[in-house]
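Participant: The structure follows.
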Amino acid sequence: MSERKMIDCHTHLMWYPDHISEQYAEEALASKLVKLKRSGGLAYSANLDKHVYDSTPESHLKASEGMSHVVVFGLQAKASGLDIPNEIIADYVAQHPGRMEGWASVDPTRPDCIEHLEYCVNTLKLKGLKLGPVYQHFDPQDRKHWPFFKRVEQLGLPTMWHQGTTFPSAAKLKWGLPLQLEDLAMDFPNMKMIVAHLGHPWETDLIVLIRKCPNMYADISAVHYRPWRYWQAMVTAMEYGVEHKILPGSDFPSGTMANIIAGLRNVNKVVEGTNLPKIPEEVQDMILYENWKAFFPQWA
Ligand SMILES: [Zn+2]
């Protein structure tokens, strides 16, 4: 059998204070402490400060060891205190051609969003697009954004959506529901979409959505922190027959692929010793090694 290649479809480059506001950094730290406390890892918290979500080129490279291909982007969302220039993504991926794939982040509320998208593609050579309506404060059902998405589709850009909850107080959760992507997915059938974090905590909505939208996939980043929700989501995904549309992603620096793999391998732990259904190892293997080939055939 040939060696099993792994990829990471979801990573960030950003660091405090250049790209992250004071308030965002403080709230990120508080959120990280809650996760550590719950997992019994509070001993490490002494070393944590507002740089907790720093992802520098050096740390990103180290975290990406063992991955054949890695998608990396920033996030343009001034409304939530995040402003990562697309240029740093282009510079970084130029140093790792072939292995690192840079995607743009463009805020659709910018009046010049289409021009900026074209600059990212034509000048910076970025190959996809990261979006987060909760961070960028836009309604993904509002038809005023359709010309932007028409251009995204014409340019053949795959998209990564943060459609789910998040911690910053500035976020607009009312625009974070997975079902709000239904019209976009149906009106732009050639725009490939990945919804991050299984759409948590609306995993069931996301699962029924990816079942009916051929162009929509999901990633398993940042869901292992909540083992009960994770197990339920995976059982639901299997019952609806969409386990082949779940992709491996870490959301680095929020997680690493090492965490993601351990989390998936432990997904049945929460129901150990019961008659409740289990996620078979073959399904776990598909998610880690096979499913990505349908979304990224160029790397298969
Ligand atoms: Zn992300």
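Participant: Along the Cα→Cβ direction, 7 angstrom out, place labels at residue 114 and residue 285. What is the inter-label distance in nm?
Facilitator: Distance between label points: 4.9 nm.
Participant: Further, regarding this structure: For the pair residue 151 and residue 34, what calculated FRET efficiency results from E = 1/(1 + (r/R0)^6), where r is the Cβ-Cβ distance and R0 = 41 Å, to the nearest 0.05?
Facilitator: The computed FRET efficiency comes out at 0.55.
Participant: Right, next: Would you kindly calculate the translational diffusion coefficient of the chain, applying Stokes-Einstein with the Kirkwood radius from alpha carbon pairs, for 37 °C and a viscosity of 0.692 mPa s, and quote it in µm² s⁻¹ without decimals?
Facilitator: 169 µm²/s
Participant: With a sphere of radius 12 Å drawn around the Cβ of residue 64, what net charge do the other residues whose Cβ falls strictly inside it have (Lys, Arg +1; Asp, Glu -1)?
Facilitator: Every neighbour counted, the sum reads -2.
Participant: Probe radius 1.4 Å, ligands and nucleic acids ignored: give me the carbon and sulfur share of the accessible area of the chain as a rounded percent.
Facilitator: With neighbouring chains kept in place, the figure for the chain is 53 percent.
Participant: If the reach is capped at under 20 angstrom between alpha carbons, list the aspartates and glutamates near residue 50, excluding any in the same chain fewer than eight residues apart.
Facilitator: Partners found: 18, 22, 26, 27, 58, 83, 251.
Participant: Next question, about the same structure. Of the residues 283, 267, 223, which exhibits the maximal mean-square fluctuation in a Gaussian network model of the chain defined by a 10 Å Cα contact cut-off?
Facilitator: Fluctuation is largest for 283.
Participant: Given the C-alpha centroids of region 13-84 and region 162-179, what is the distance between them in whole angstrom?
Facilitator: Using only Cα atoms, the two centres lie 18 Å from each other.
Participant: What number comes out for the charge environment of residue 264, summing +1 per Lys or Arg and -1 per Asp or Glu over other residues with Cβ under 13 Å away?
Facilitator: Neighbourhood net charge equals -2.
Participant: A further question follows. Let's test the formula: R0 of 30 Å, r as the Cβ-Cβ distance of residue 274 and residue 173. What FRET efficiency results, to the nearest 0.05?
Facilitator: Once rounded, the FRET efficiency stands at 0.35.
Participant: Please calculate how many Å² of accessible area the chain carries per residue, with a 1.4 Å probe and no DNA, RNA or ligand atoms counted.
Facilitator: 43 Å²
Participant: What aspartates and glutamates does residue 269 reach when the alpha-carbon gap must be under 15 Å and sequence neighbours fewer than 8 apart in one chain are set aside?
Facilitator: Residue 269 reaches 281.
Participant: Within straight cross-link reach of residue 172, meaning Cα distance under 14 Å, which aspartates and glutamates are found once same-chain residues fewer than 8 apart are removed?
Facilitator: Cross-link targets: 139.
Participant: What's the ranking of 27-39, 207-219, 125-137 by average number of surrounding C-beta atoms within 10 Å, highest first?
Facilitator: The most tightly packed comes first, giving 125-137, 207-219, 27-39.
Participant: Would you please give the residues with an amide H less than 5 Å from that of residue 77, counting only those at least 5 places away or on a separate chain, with H modeled from the backbone geometry?
Facilitator: Placed amide hydrogens put 82, 83, 84 under 5 Å from residue 77.
Participant: Which links in 62/125; 127/150; 144/174 stretch past 22 Å when you go from one Cα to the other?
Facilitator: 62/125
Participant: Same structure, new question: When you count, for each residue, the other Cβ atoms within 10 Å and take the mean per peptide, how do 65-78, 233-246 rank with the highest first?
Facilitator: Highest-to-lowest ranking by the protection proxy: 65-78, 233-246.
Participant: To continue, here is another question. Count the DSSP beta bridges whose two residues both fall in region 7-299, then state the antiparallel fraction as a percent rounded to the nearest 5.
Facilitator: 15 percent
The values are calculated or read from the model by the stated rules, or taken from the named source; none is laboratory data. The structure displayed is predicted, hence computed values, not measured ones. Cβ atoms come from the backbone with ideal geometry, glycine included; neighbour counts cover every protein chain shown. Please note that ligands, DNA and RNA were not included when accessible areas were found on the heavy atoms of the full protein model with its side chains. Shrake-Rupley method; radii C 1.70, N 1.55, O 1.52, S 1.80 Å.
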